[in-house]
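Read through the structure below, which is laid out as C-alpha cells, and then see the notes.
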Amino acid sequence: MKKSGLTVKKKKLVVVFGTILFILAGIQFTSPSIKNPPSTSEIALPADVMAILKRACFDCHSNNSSVEWFDRIAPVSYLVSHDINEGRSRFNFSEWERNPPVVRELLLWEMVNAIEERKMPLQRYLRMHPEAAVSTTELEILKRYVNTLPGRHKVDTMAIARALPDSQIQQLMKAVPVSANGIEYSDDYKNWKIISTTDKYDGGSMRIVYGNDIMVNAIAANKLPFPDGAQIVKVVWGKHLEDSLGNVFPGNFQNVQLMIKDSKRFSSTEGWGFAKFDGLQLKPFGASAIFQTTCINCHRLLAPENDFVFNIPTK
C-alpha cells in the first residue's frame, strides 16, 4: 500500500511539474521583446557623475538598456520589460533635450532623492545586478553636482522688494496668479493650521506646511486616501540664517507650493493637482500642465504609502 501511495504522489508531482514546464515553454513565445530605440539627445554630465548614472540608472532610464540572457526568459522578461518602459516614461537620459531646462533640473533632483531614500535602483534589480548599487561616497558626488545647477541659486527677493515702489507692490498684491492647470493662488492658507515644518540643509531651504480643515481632520482621523477638498500649502524660504547663539532664521522667500485633492479633475495624477508660484511676483511654474507629471512621478516614487503626500504626521 505504501508503494502504491508513493507512486500516486510521484505521478501527481510529474503532472504538476510537467504542467509548469509546459506553461513556461508556452509563454516564451509571447515574451515581450526588449528593444533599444536610437538615442536622440543623450544627457551631458561631468565624467564622474555620468559613470555613476550609467551603472545605476541607464538600464531602465535610457535607450541603452543592457539586457542579460536571463532577463529575456519569461516570466522574468515581462517584469524587465515593464520596468524599462516605466523607467523611460518617467525620464529618459537618451532623450534628455525633450524636457525644458527647468524640468531637467527637477528630474535630476528626483533621481538623487530616490537614491537617497533607497527607492532606486529597485531592490529586485539590485538582487540580479549588485554592481548597480550607489555608495555613500557616490551619492555625495551626485548631491554636489545637483547643488551646482542654476536653479539652486535663488533670487534675492529681499533686495528686489526694497527696490520696488509702493505702487508696484500694491499692483502685485492685487493680481491673482493662475497655474497652467487652472489652480489659482490664494493666501487663505495663512489662516490654516501648520501641520509640519521641514528643512533641506543640502539645498539651503526651510519650509512650513499648512493644511486646510479637511486635510487636518483627515490627518487626525488617520484617513487615507485623503478626501476630495483636502489642500496642502508648502511655503519655502531660501538659505537659512544662523546667529552667534545658534538660532536659525529663514532667508529670502522663494515660493508657495500647493497640492489640491480632486479625484475627478486630477485623475491622471492620482487625484492631486499641483501648483507652484515663484518669487515675489508669485509667477506660476510650468508653461503647460505637463509639469504635473514631473511632480506626481516624484510623489509616486517617494510617498505612495501616504497617498503621495510628503512631510505630514500621518502616523
Confirm whether Arg124 is modelled with pLDDT under 90, surrounded by 15 or more Cβ atoms within 10 Å (Cβ to Cβ) and more than 21 Å from Phe310 (Cα to Cα).
-> no
Given (1) within 24 Å of Val102 (Cβ to Cβ); (2) of a type in the set (A, V, I, L, M); (3) part of a loop (DSSP other than H, G, I, E, B); (4) modelled with pLDDT of 90 or more, number of the condition Leu142 does not satisfy = (3)
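Table: residues versus (1) touching a strand residue (DSSP E or B) at 6+ places or on another chain (Cβ under 9 Å); (2) of a type in the set (D, E, K, R); (3) outside the structural domain of Ala114 (by TED's automatic domain parsing); (4) surrounded by fewer than 18 Cβ atoms within 10 Å (Cβ to Cβ).
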{"site": "Met215", "(1), (2), (3), (4)": "yes, no, yes, no"}
{"site": "Gly229", "(1), (2), (3), (4)": "yes, no, yes, yes"}
{"site": "Ser244", "(1), (2), (3), (4)": "no, no, yes, yes"}
{"site": "Leu258", "(1), (2), (3), (4)": "yes, no, yes, no"}
{"site": "Lys261", "(1), (2), (3), (4)": "yes, yes, yes, no"}
{"site": "Thr269", "(1), (2), (3), (4)": "no, no, yes, no"}
{"site": "Phe274", "(1), (2), (3), (4)": "yes, no, yes, no"}
{"site": "Ile296", "(1), (2), (3), (4)": "yes, no, yes, no"}
{"site": "His299", "(1), (2), (3), (4)": "yes, no, yes, no"}
Looking at (1) in a helix (DSSP H, G or I); (2) modelled with pLDDT of 90 or more, find the lone condition where Phe22 falls short.
-> (2)
Under 7 Å between Cβ atoms, at least 6 apart or on separate chains: pull out the pairs that start in the stretch 259-273 with a residue that is free of Cβ contacts under 8 Å to residues at least 60 places away in the same chain and end on any residue that is acidic (Asp, Glu).
-> Lys261/Asp228; Asp262/Asp228; Ser263/Asp228; Gly271/Asp262
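The values are calculated or read from the model by the stated rules, or taken from the named source; none is laboratory data. Computed from a predicted structure; not experimentally measured. As a convention, Cβ positions derive from the backbone with ideal geometry for all residues, glycine included, and neighbour counts pool all protein chains shown.
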